[in-house]
Amino acid sequence: MVTVTDENDVAVPSAFVFLQASPQAVALRCVTDFAGHCEFSNLTAASYQLRVEKEGFYSVTLPAVQTGAAANVAANIDVTLSHQQEVREVVDVVESPLAIDPEQIAAQQTLSGLDVLNIPYPATHDYRNVLNFIPGVVRDVTGQSHVAGAETYQTLTMLDGFNITQPANGQLLARISTDAFRSIQVEPAREPAEFGKGSGGLLLLNTGIGDDHFHFYATDFVPSWQDKGGWKFDQFLPRLTFSGPLQKGKVWFYDAVEGEYDNIVYTELPANADNDHLLRIGNLAKLQANVTSRNIVTTSFLVNHLHDQYDGLSPLSPQLSNPSDVESAYVASVKDQYYFPGGELLEAGLAFDQYNLKWTPNGTSPYFIAPEPLGETASGSYYLSEATRARRWQALSNLFLPPQHWHGRHDLKFGADFDRLVYDAQFVRQPISYWPSSLASGPCPTNNGVPTLPSPCSRYSTFSGGSPSATYDFESSAYAEDRWLIGNRLLVEPGVRLDWDEVIRSPLLSPRLAGTYVLDNSGNTKLSAGIGLVYDPSFLFLIARPFAGQRTDYFFNTSTGGLTGIVPTTFSVDQKALEAPRFINWSLGLERKLPAAIYLKAEFLEKRGSRGFVYNTPSGSSGNFILENTRDDRYDAFELTLRHNFRESYMLMGSYTRSRARSNQVLDFNVDNPLLSPQQPGPYTWDTPNRFLSWGYVPLFKLPIIHQTEIAYSLETRTGFPFNVTNDQQQLVGPPGSRRFPEYFSLNLQLEKRFHLFGYFWALRGGFDNITGHSNPYVVNSDINSPQFLTFSGFQGRGFTSRIRLLGKK
C-alpha cells in the first residue's frame with residue numbers, strides 16, 4: 001500500500017501514483033482515497049519506479065521500489081508531497097504537470113497560490129479582484145463577485161473548510177492577504193452533496209501552513225506618492241508572511257499580516273476638502289499540531305478592521321455628504337482530524353465568525369440631491385446612521401470510510417453541519433430632498449416635517465422605524481455520498497442531503513447525481529455530467545428587512561410645485577407562507593488534452609430557479625412590499641477554456657463564455673432604494689452575454705540583459721453591464737436593464753525582475769493597468785429628463801503600478 005501525505009503529515013487525496021517496471025513498459029496507475037491510500041494488486045516480484053503527482057504539489061519519484069513474491073508491494077510505502085510554492089532559487093524540484101483528473105467530478109476552475117501572485121490585476125492587495133479572472137466569475141461595479149450568474153449571497157464561500165459568507169447578507173467581506181493562498185477554487189456545478197447552502201456554487205479559499213523550515217516574505221513595504229495638485233502621499237500596502245516550526249515534525253505556525261493606508265484625492269473638489277483617508281489592517285494566524293501520528297488539530301484566527309473617514313467620496317459627493325465607515329470581522333476555527341487504524345477518517349470542527357459595520361454621518365446638516373451634468377450630486381450630511389452585527393456559530397463533522405468493494409470501489413462519506421445565526425441592526429435616517437435642477441438646492445421647505453406648498457423640490461423622502469432589532473435562524477443539515485468507481489473509466493457520485501432551518505421549518509431533501517467517464521486508455525479525454533436539486537438558505541437580511549424602517553415619498557410637479565402624490569413604502573414578512581427557494585442545476589463538461597500540452601475544457605451549464613425570495617407589491621397595495629416566493633431565475637452558459645503550462649509553473653490561459661443571467665422579477669426593493677416601479681423581468685446588473693478572459697506569465701528567454709525576467713499579462717473584454725433608466729423623480733422608465741455600458745476592454749501588462757541584493761532574494765515588478773487607455777466608464781447619467789442623459793463618466797484610465805517583494809535569504 002502507498003500512503004501519500006503532505007509536508008505536515010496530512011493525507012493527500014486524489015493523488016496519482018504510477019508504477020513502471022521499465023521505461024518501455026506501460027505504467028500502472030492508482031489514485032489515493034480520502035485517507036491518502038492507494039493499493040496495487042497482481043504485481044510480480046520486480047523493481048519498479050514509483051512516481052507520485054498531484055497538481056499544486058511537487059512530484060516525487062522513487063527510482064527503485066521492490067515488490068515481493070506476493071501480489072502486493074512488499075511493504076507499506078510512505079510518500080511526502082510538498083505543496084508548490086514560490087521558488088527563490090533554481091533548485092532540483094519538478095512541479096506536477098497539469099493533467100486531466102478522472103477523480104474530479106465537479107465543474108471546477110482553480111487558481112494556484114502562484115497564480116494569485118503572478119496574474120496582474122488592479123489592486124493586487126485584494127484577492128477578491130483576482131476572482132474576476134476565473135472563468136464564470138463576474139465582479140460587479142460594487143466589487144462583489146457573482147459565480148455562474150448568481151447573486152453573491154447564493155454562493156457558499158469556505159475558508160479552509162468553514163463557511164465565511166457574511167451571515168446576514170451573504171456578501172464576501174473577509175479580507176485575507178494575497179500572499180497567504182495555496183489555491184482558490186470555484187465550483188459552479190456538480191458540487192457534491194456535502195455542500196448545499198447556495199445555488200450559485202462554491203468558492204473555496206485554501207490558505208497555507210508552516211513546515212519544518214522558517215519562511216518569510218514581505219511585499220509592497222515602500223509607500224507610493226501621487227501628483228494631484230502637488231506631490232502627496234498615495235498608498236501604503238504592506239504585507240508580511242512568516243511561518244515555521246514550533247516543534248519540528250509536530251507543531252507549525254503560520255501568520256499573514258496585511259495593511260492598507262490610502263489617501264484618496266479628487267482635484268475636482270475644493271482644496272482642503274478633496275481627500276479621504278482609509279485605514280485597514282488584517283491578520284490570519286494559524287497553528288497545526290500533530291498530537292499523534294493519527295490525530296491532527298488545526299486552529300486559525302482571522303481579524304479584519306477598516307476605518308474610512310468619508311466612505312464614498314467622489315466629485316459628486318463631497319466630504320460631509322459621506323458617512324464615516326468602521327467595519328470589523330472576526331473568524332475563528334478549530335478542526336480535529338483522526339485517522340483510525342481501519343482506514344476511517346473522522347474530522348470535526350467548530351467555527352465562529354462575526355461582522356460589524358457602523359456608519360456615522362459627518363454632521364447633522366439636511367441631506368439633499370440635485371442633478372449635475374455627469375450625474376446626481378449630494379450635499380449636506382449623509383442621511384443614514386447604521387450599526388449592524390452579524391454572527392454565526394458553526395459545528396461540522398465528516399466521516400470518511402475506507403474503500404468498500406462491490407461491483408467496483410466505493411468511497412463513502414457522511415457528515416452533518418449545524419449553524420446558529422444572529423443579525424442585530426439599528427438604523428436612524430433623516431429626510432432626503434431631491435431637486436429638479438442644480439440651479440437651486442438645499443432642504444425642501446417643511447412645516448412639522450410635512451413639505452410646504454408650492455414646493456421647489458421634485459421629491460421629498462422621510463423615514464421612520466429602524467429601531468434596534470435582532471433576527472435569528474438555526475440551520476441543520478446532514479448528507480451522505482458515494483464515489484463509485486466502476487471499472488477503470490467510469491466514476492459515479494450519487495449523494496443526498498437533508499436541510500432544515502428555523503425560518504422555513506420544513507425538511508428539504510436534495511438528491512444529487514454526477515459522474516465522469518474517461519473515453520480513452522491514455523486518460524486524455526474525459527466527459528462529465530451531473531444534475532442536482534439545490535436549495536438556498538433563508539437569508540436573514542431579507543427576513544429582517546421590515547425592521548430596517550419605512551419610507552414616505554412626496555412627489556411634486558416640477559413646474560407648479562404642487563403635490564402630485566404621496567407614496568408610503570413598507571415591508572412585511574409572513575414566515576409561515578414562505579417556501580425554500582430551489583434550483584435544478586445540470587451541466588455537461590468535456591476535457592481533452594490537445595497536442596503541445598494544451599488542455600481544453602468545455603462546459604455547458606443550465607440553472608433553473610423557482611420560488612426565489614423577492615419583495616413584491618400585490619395588486620393595489622402601492623408601496624407595501626411583501627416577501628414572496630415568486631422569483632424565477634434562469635442562467636445558461638457555455639464556456640470554453642484553453643490552458644498551457646510551461647516549465648517552472650509558467651502558464652497561459654484563454655477563456656470565452658457565452659451566458660445569460662435573467663429573472664422574471666429582477667428589482668431589489670429596500671427602504672434605501674428610491675426606485676419606484678412594479679416588479680419586472682430583465683437581466684441582472686452583472687449579466688455579460690459575451691466575455692473573453694486571458695492571462696499568463698512567461699519568462700523572457702536568452703536575453704542576457706533581462707535575465708530572470710518574466711512578463712505577465714491579463715486581459716478582459718466583455719459586453720457592458722446593463723443599467724436602469726429613470727426620470728428626475730427616480731421612477732423607472734422602460735424595462736430594467738434596457739441600456740448597457742459600452743463594451744469593456746482592459747489589458748494589464750507587467751514585467752518582473754528577480755535578483756539578489758544584500759544577501760536576500762528580491763522580485764521587482766512594474767507595468768500598466770489598462771495599458772491601452774481604453775475608456776471603461778462605471779458611472780452614467782441615467783436620468784431621462786436630464787440634458788446630459790447617457791453621459792458616461794468615472795473612466796478607468798491607464799495607470800502605472802509597481803510591486804516589490806522580499807522573498808527571503810539567498
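The values are calculated or read from the model by the stated rules, or taken from the named source; none is laboratory data. Quantities reported herein were computed from a predicted structural model and do not represent experimental measurements. Backbone-built Cβ (ideal geometry, glycine too); neighbour counts: all protein chains shown. Note: areas computed on protein heavy atoms with side chains; ligands, DNA, RNA excluded. Shrake-Rupley method; radii C 1.70, N 1.55, O 1.52, S 1.80 Å.
Take Glu710 and decide whether it is within 24 Å of Thr152 (Cα to Cα), acidic (Asp, Glu), open to solvent by less than 60 Å² (accessible area, probe 1.4 Å) and assigned to a strand (DSSP E or B).
Values: within 24 Å of Thr152 (Cα to Cα): no; acidic (Asp, Glu): yes; open to solvent by less than 60 Å² (accessible area, probe 1.4 Å): yes; assigned to a strand (DSSP E or B): yes.
No, not satisfied.
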The condition from (1) buried (at least 16 other Cβ atoms within 10 Å of the Cβ); (2) of a type in the set (Asp, Glu); (3) in contact with a Leu (Cβ under 7 Å, 6 or more places away or on another chain) that Glu344 misses is numbered (1)
Of Gly143, Gly149, the only residue that is on the phi > 0 side of the Ramachandran plot and crowded, with 24+ Cβ neighbours inside 10 Å is Gly149
Log entry, pairs with first residue in the range 32-53 being of a type in the set (Phe, Trp, Tyr), second being in a loop (DSSP other than H, G, I, E, B), beta carbons closer than 8 Å, six or more apart or on different chains, reads Phe34/Pro13; Phe40/Asn72; Tyr48/Ala21
Subset of the range 239-261, residues within 14 Å of Arg175 (Cβ to Cβ) and without any contact (Cβ under 8 Å) to a residue 40 or more places away in the chain, comes to Gly259
Among the residues of the range 368-378, are any among the small types (Gly, Ala, Ser), at negative phi, assigned to a loop (DSSP other than H, G, I, E, B) and modelled with pLDDT under 95?
no
Glu327 being surrounded by fewer than 17 Cβ atoms within 10 Å (Cβ to Cβ) and of a type in the set (D, E, K, R): no
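Yes/no per residue for (1) without any contact (Cβ under 8 Å) to a residue 60 or more places away in the chain; (2) small (Gly, Ala, Ser); (3) buried (at least 23 other Cβ atoms within 10 Å of the Cβ); (4) not in a strand (DSSP E or B):
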| residue | (1), (2), (3), (4) |
| --- | --- |
| Ala123 | yes, yes, no, yes |
| Gly170 | no, yes, yes, yes |
| Gly196 | no, yes, yes, yes |
| Asp211 | no, no, no, yes |
| Phe221 | no, no, no, yes |
| Gln226 | yes, no, no, no |
Among Asp419, Asp482, Asp473, the single one that is surrounded by 20 or more Cβ atoms within 10 Å (Cβ to Cβ), assigned to a strand (DSSP E or B), in contact with a Leu (Cβ under 6 Å, 6 or more places away or on another chain) and touching a residue at least 24 places away in the same chain (Cβ under 8 Å) is Asp473
Of the residues in the range 726-772 that are part of a strand (DSSP E or B), among the aliphatic types (A, V, I, L, M) and out of contact with any Asp or Glu (no Cβ under 8 Å at 6 or more places or on another chain), the one that is nearest to Tyr434 (Cα to Cα) is Leu732
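Here is a list: Arg608, Arg643, Arg662. Which entry is among the basic types (Lys, Arg), modelled with pLDDT of 95 or more and open to solvent by less than 70 Å² (accessible area, probe 1.4 Å)?
On the way: Arg643 fails: modelled with pLDDT of 95 or more; Arg662 fails: open to solvent by less than 70 Å² (accessible area, probe 1.4 Å).
Being among the basic types (Lys, Arg), modelled with pLDDT of 95 or more and open to solvent by less than 70 Å² (accessible area, probe 1.4 Å) holds for just one of Arg608, Arg643, Arg662, which is Arg608.
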With respect to Ser22, is the statement that it is surrounded by fewer than 20 Cβ atoms within 10 Å (Cβ to Cβ), without any contact (Cβ under 8 Å) to a residue 24 or more places away in the chain and not in a strand (DSSP E or B) true? yes
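Identify all residues within the range 611-634 that are closer than 19 Å to Trp686 by Cβ and either open to solvent by less than 60 Å² (accessible area, probe 1.4 Å) or touching a residue at least 40 places away in the same chain (Cβ under 8 Å) (or both); write none if there are none.
Passing the criteria: Gly612, Phe613, Val614, Arg631, Asp633.
From the list Ser538, Ser528, which residue is hydroxyl-bearing (Ser, Thr, Tyr) and either surrounded by fewer than 19 Cβ atoms within 10 Å (Cβ to Cβ) or more than 30 Å from Glu591 (Cα to Cα) (or both)?
On the way: Ser528 fails: either surrounded by fewer than 19 Cβ atoms within 10 Å (Cβ to Cβ) or more than 30 Å from Glu591 (Cα to Cα) (or both).
One residue alone meets the criteria, Ser538.
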Check the range 576-586 and report whether any residue there is of a type outside the set (Gly, Ala, Ser) and closer than 22 Å to Lys413 by Cβ.
-> yes
The residue from Trp406, Trp393 that alone is without any contact (Cβ under 8 Å) to a residue 12 or more places away in the chain and open to solvent by 30 Å² or more (accessible area, probe 1.4 Å) is Trp406
Going through the range 588-607 in order, the residues found to be charged (D, E, K, R) and within 22 Å of the chain's Cα centre (by Cα) are Lys601, Glu603, Glu606, Lys607
Counted residues in the range 451-465 being surrounded by fewer than 21 Cβ atoms within 10 Å (Cβ to Cβ), small (Gly, Ala, Ser) and either in contact with a helix residue (DSSP H, G or I) (Cβ under 6 Å, 6 or more places away or on another chain) or outside any loop (DSSP other than H, G, I, E, B) (or both) come to 1
Restricted to the range 712-753 and to residues being more than 29 Å from Leu764 (Cα to Cα) and of a type in the set (Val, Ile, Thr), the residue farthest from the chain's Cα centre (by Cα) is Val733
Ser559 meets each of (1) under 30 Å from Ala193 (Cα atoms); (2) surrounded by fewer than 22 Cβ atoms within 10 Å (Cβ to Cβ) with one exception, condition (1)
Exactly one of Ser572, Ser587 is of a type in the set (Gly, Ala, Ser), surrounded by 15 or more Cβ atoms within 10 Å (Cβ to Cβ) and either under 25 Å from Glu103 (Cα atoms) or touching a helix residue (DSSP H, G or I) at 6+ places or on another chain (Cβ under 6 Å) (or both), and that residue is Ser587
Subset of the range 176-194, residues farther than 30 Å from Ala580 by Cα and not in a strand (DSSP E or B), comes to Ile176, Ser177, Thr178, Asp179, Ala180
Condition set closer than 21 Å to Asp783 by Cβ and assigned to a loop (DSSP other than H, G, I, E, B), scope the range 671-701, selection nearest to the chain's Cα centre (by Cα): answer is Thr685
> Quick check: anything in the range 512-521 within 30 Å of Tyr599 (Cβ to Cβ) and among the hydroxyl-bearing types (Ser, Thr, Tyr)?
Replying inline: yes
Among residues of the range 549-581 being touching a Ser or Thr at 6+ places or on another chain (Cβ under 8 Å) and among the aliphatic types (A, V, I, L, M), the residue nearest to Asp672 (Cα to Cα) is Val567
